[in-house]
Every structure is written in structure tokens, then in C-alpha cells.
Amino acid sequence: MIDFLILSILLSLLVASIMIVFSEDLSHSVITYMGFGLGSTLLYFLFSAPDVALTEAVIGAGISSTVYLVALLQTSVHES
Amino acid sequence: MNLKRTLRVETLLVALLVSVTTLVLMQILLNLHLAGHSLGDEILHINAASTQSANAVTSVVTYFRGLDTLGEVSILFLSIFGVALHMPRGSKNLFSYHNTLLYIGVSILFPLMLLFGVYVILHGHLSPGGGFQGGVIIAGAFLLRFLTYGDHYELKERVVSLSESLSGAGFIVLGLLGLLVGDRIFTQILPLGTLGELLSGGVIELIYIFVGLKVSAEISLLAEHFVKAHNV
Amino acid sequence: MLELLGFVLGFVGALFLLLSALGLWRMPDTLSRMHAATKASTLGTLLVIAGAICYAPHLWFKLILLGLFVLLTNPLSSSILARSSYIKEGFYHPDGVDALKEERS
């Protein structure tokens, strides 16, 4: 059961990372990155590392996404 | 056109490589069975005798590997220093969004998040958490406040820099006291309590209070610099 | 008996969460998706928490605190999301009733 859960979380992380790399809009990438952080939080918790899970939950969902959003606001994207 | 086609082949190759690596890692992770006597058992054995901390991870981070923690904290300090030099703080908030519901919700949430951060810092040697985690939670509370209140809220820079530098100095002084009293840097200089109480752990709790103050001050300053950046 | 009740509550809550995910996938525009994702997921989470209280009654205080926290944050964030989505893009169907626009103008 736990193996199945871990396997499904790993597969969703794989899908999320491919979506982060290949999405057209960069803000979609940031949102998907937050989902990636959520999945890796669950994974850390299942591998019995709640310390790392706490850090990843705050950093991955809150602070790094703000940093990326500010970077997106301050730059412009050229599509060639 | 040609360039685009080669790019697509390359990205497909990268995706294939990533998926194959993930499959291999998954195979390794799901079939991992550590046999016999490992380093973790040894650390758990020493931890019960020398620190009386219920959470063995924090005693590894602060007690057995205190010098590594000092390095991490100084790396964080250097990165904040670089950000503050490169992006001077403007007065205009990039995310100004006025809404009464948001004000009320954040004014309820903000003290709760501060309380939870302080709890995580103080119970670092008993439950999962510690200085880094609690400090980041406190910084998240301040970030929420920056995002909500717009231009009307700013950190007092004197207080933040004073708490940051004082806690960093206290952290190093604790390490040097360990070198002075004991045999190595960051050794145990305080009496140990009983396992599982708030005042057990000895020097671990003090180190974590300093690390929590430092990390919370640094990351909330970083968040303010990012949120209130000048338009480049 | 209490364990059975907890099991049933948790199952119904998981069903509601599944329904909200399905609605998030099937609905046509942002506001309908918010409608599916907010109410059903809040109810599902609260039902799962109630089931956990029935299943392990000694954890009641922490679980009630968790429920209050979910009740505080989830509707708030969805309201902010829906409002900013409306301000940026408006409605998907142009001939619907637009009370917010009449209020603002």
C-alpha cells in the first residue's frame, strides 16, 4: 500500500517536472513548481524525514514561488 | 526551422534520460534494505548517551556537525548580503492588492504563524523541526504580511539587522565557549535534562534559538527586498 | 462502532475530494472551477478530519485546530483567487448576471 502511494507520488512528480520544463507560459511553470514542492513534501514525509518536509513545505510553496514571480514580473520574455 | 527541430530532439532526449533515471532511482528506493549495523544505529547509540535529545536529527545538525551548520548559516548570510547589495529596497510594493477580507484573514493568521514558528524553534530537540524550519515559518508569516498590506507595512531595518547580527555572534560565541570549556567546537557546556522535557538537550536549544532568530531575520529581509524591488 | 463511523466519514470525505478534483478537470472556465474546487474540497477535508477524530479520539484537540485552520484559509484564498481572476478576465459567459460589476460602477 505504502509502496503504491510512493510509486504514484513519484510518477506525479515526474509528470510535474516534465510540465515545468515544457509549458509555454512561465507563470504556469511557477504554479506547477509549487505542486512539485507539495508532492516532494509528501514524499519526504513518507520516507520519515518530517524535518525536511517542513522546510520544503514553506520554501517550496511560499518563498521560492514569490522569488520566481518577482523575477517574472521584472523581466520580459522574447519568443523567437 | 532546423534549429527548432534539433532543439525538440534534444529536449526529448533529456526527457527520456530523466524518466530512465527516475525509474532506476525508484527501483533502488523500493528495493532498499539496509542490512546489519549502519551509521544511523551508531549515531542513535551515541546520541542517547551524550545529548539527551529526543530528536536525533537536531543533535546531528547542531552537536555532532555544528561546524557544518555554521557554514550553512554563513552561506545564507552571504546570499542575503548579495541580494541586498544588488537590489536596493524601493518604496513601492510590487504586489499591492487591497481587499478587506484579506486584511482580516491575515491579521488573524499572522500571530498564529508567529506562534507556530516559535513553537517549532523551541521544540526542535523534541519533535521534528528546529531553527531553520521555525525561522522559515516566521519569515513566511512576514511575507504574507508584505503581500497583503502593500506599501503600508515595512520592517524596521535597525531591529532586524541588530537581531540578525547579535544572534550570529551568539552562535559563534557558543561554539567558541565549547572549544574553551570542552575539547572541541560546539560541544556540550550545559547540564543535560531528562529525555523528553522542554529543558533537556543542553546547548542544542540555545543554538537553535540563535539559528532561528538569524534565519527568520535574514529570510524576511530577503522577502522584503524581493517584494519591494525597484523596477529594473 | 466509533471506528466504523470514522471509516464512513473518511470515505465520504475522500469521495467529496474526488468529486472536487473531477470538477476541477471538467468545468469550462475559471470561476466554475473555483466553485467546484472550493466548496467540495473544504467539505471533504472537514469530513476527513471528523472521521479522524472518530477514529483516534485522543487527538481531538489538534484535529479540531487543524479543521479551524482549514476553515480559515481555504475559503479566504479561493475568494481572493476568484476575485482577482474576475478583475483580470471577467466572466466566461458574457450574458450572465454580473452583480459585482453593477456594484462597482
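Read-outs: derived from the displayed coordinates by stated rules, not from any lab. Source: prediction; values computed, not measured. Glycine also receives a Cβ, built like all others from the backbone with ideal geometry; neighbour counts cover every protein chain displayed.
So which trypsin sites (Lys or Arg not before Pro) in the stretch B:111-171 end up in coil per DSSP with only 15 or fewer other C-beta atoms within 10 Å?
Qualifying residues, ordered by number: B:LYS156.
Please compute the volume of the convex hull spanned by the alpha-carbon atoms of the protein assembly as shown and report it per residue in Å³.
For the protein assembly as shown, the hull spanned by Cα atoms encloses 210 Å³ per residue.
Provide the net charge surrounding B:VAL83, with neighbours chosen by a C-beta distance below 11 Å and charges set as Lys +1, Arg +1, Asp -1, Glu -1.
Details: positive: B:ARG89; negative: B:GLU218, B:GLU224.
It works out to a net charge of -1.
Residue by residue through the stretch C:5-13, what is 3J(HN,Hα) from phi via Karplus (6.51 cos²θ - 1.76 cosθ + 1.60, θ = phi - 60°)? Round to whole Hz and write x for glycine and proline.
Listing the rounded values in order: 4, x, 4, 5, 4, x, 5, 5, x Hz.
What aspartates and glutamates could a cross-link reach from B:LYS214, if we take a straight Cα to Cα line under 13 Å and drop same-chain neighbours fewer than 8 places away?
B:GLU72, B:GLU164
Mean residue ellipticity at 222 nm from the helices of chain C, using -39,500 (n - 2.57) per DSSP H segment of n ≥ 4 over the full residue count, to the nearest 500 deg cm²/dmol?
-29000 deg cm²/dmol
Taking a quarter of the surface of the convex hull around the Cα atoms of the stretch B:54-227, what do you get in nm²?
10.5 nm²
Which whole number gives the average, over all residues in A:18-30, of C-beta atoms from other chains lying within 10 Å of the residue C-beta?
Average neighbour count from other chains, rounded to a whole number: 1.
Are there chymotrypsin sites (Phe, Trp or Tyr not before Pro) in the stretch B:85-169 that DSSP puts in a loop and that have at most 15 other Cβ atoms within 10 Å, and which ones?
B:PHE95, B:TYR97, B:TYR153
Under a Cβ-Cβ cut-off of 15 Å, what is the net charge of the residues other than C:ALA56 that fall near it, where Lys and Arg count +1 and Asp and Glu count -1?
0
Any idea how far the Cα center of the stretch A:17-66 sits from the one of the stretch B:110-169, in Å?
Using only Cα atoms, the two centres lie 21 Å from each other.
How large is the charge dipole for the protein assembly as shown, taken about the Cα centre, if only the Cβ atoms of Lys, Arg (+1) and Asp, Glu (-1) carry charge, to the nearest 20 debye?
That gives the protein assembly as shown a dipole magnitude of about 560 debye.
Rounded to the nearest 500, what is the 222 nm mean residue ellipticity of chain A from helices alone, with -39500 (n - 2.57) per DSSP H run of 4+ residues and division by all residues?
-25500 deg cm²/dmol
Let me confirm one metric for peptide B:12-20, namely the mean number of other chain beta-carbon atoms within 10 Å of its residues' beta-carbons. Numbers along the way, then the final one.
Details: counts 0, 0, 2, 5, 0, 0, 4, 4, 0.
Average neighbour count from other chains, rounded to a whole number: 2.
Per residue, what volume in Å³ does the Cα convex hull of the stretch C:2-91 take up?
Here the figure is 61 Å³ per residue.
Partner chain Cβ atoms within 10 Å, averaged over the residues of B:220-229 - can you pull that number for me?
Per-residue shielding by partner chains comes out at 3.
For C:ASP29, what is the net charge nearby, where nearby means another residue's Cβ is under 13 Å from its Cβ and Lys, Arg count +1, Asp, Glu -1?
Taking every other residue near C:ASP29 into account, the sum is +2.
Dipole magnitude of chain C about its Cα centre, charges +1 at Lys/Arg Cβ and -1 at Asp/Glu Cβ only, in debye to the nearest 20? Let's see the in-between values first.
Numbers: 8 positive and 7 negative charges, 44 e Å.
Computed about the Cα centre, the dipole is about 220 debye.
Based on alpha-carbon centroids, what's the gap between the stretch B:203-232 and the stretch C:4-21 in Å, whole number please?
Rounded to whole Å, the Cα centres lie 40 Å apart.
How large is the convex hull of the Cα atoms of the stretch A:2-74 per residue, expressed in Å³ as a whole number?
Spelled out: Cα convex hull of the stretch A:2-74, divided by residues, is 62 Å³.
Which whole-Hz ³J(HN,Hα) couplings does the stretch C:44-57 yield from phi under the Karplus relation 6.51 cos²θ - 1.76 cosθ + 1.60, θ = phi - 60°, glycine and proline marked x?
So the J values, rounded to whole Hz, are x, 5, 5, 5, 5, 5, 5, x, 5, 5, 5, 6, 9, x.
Could you work out the helix-only [θ] at 222 nm for chain B, with each DSSP H run of four or more residues adding -39,500 (n - 2.57) and the total divided by the number of residues, to the nearest 500 deg cm²/dmol?
Result for chain B, helices only: -23000 deg cm²/dmol.
Kindly rank B:80-86, B:109-115 from highest to lowest mean number of other beta carbons found within 10 Å of each residue. The partial results should precede the final answer.
On the way: B:80-86: 12.6, B:109-115: 15.1.
Listed from highest to lowest mean packing, they are B:109-115, B:80-86.
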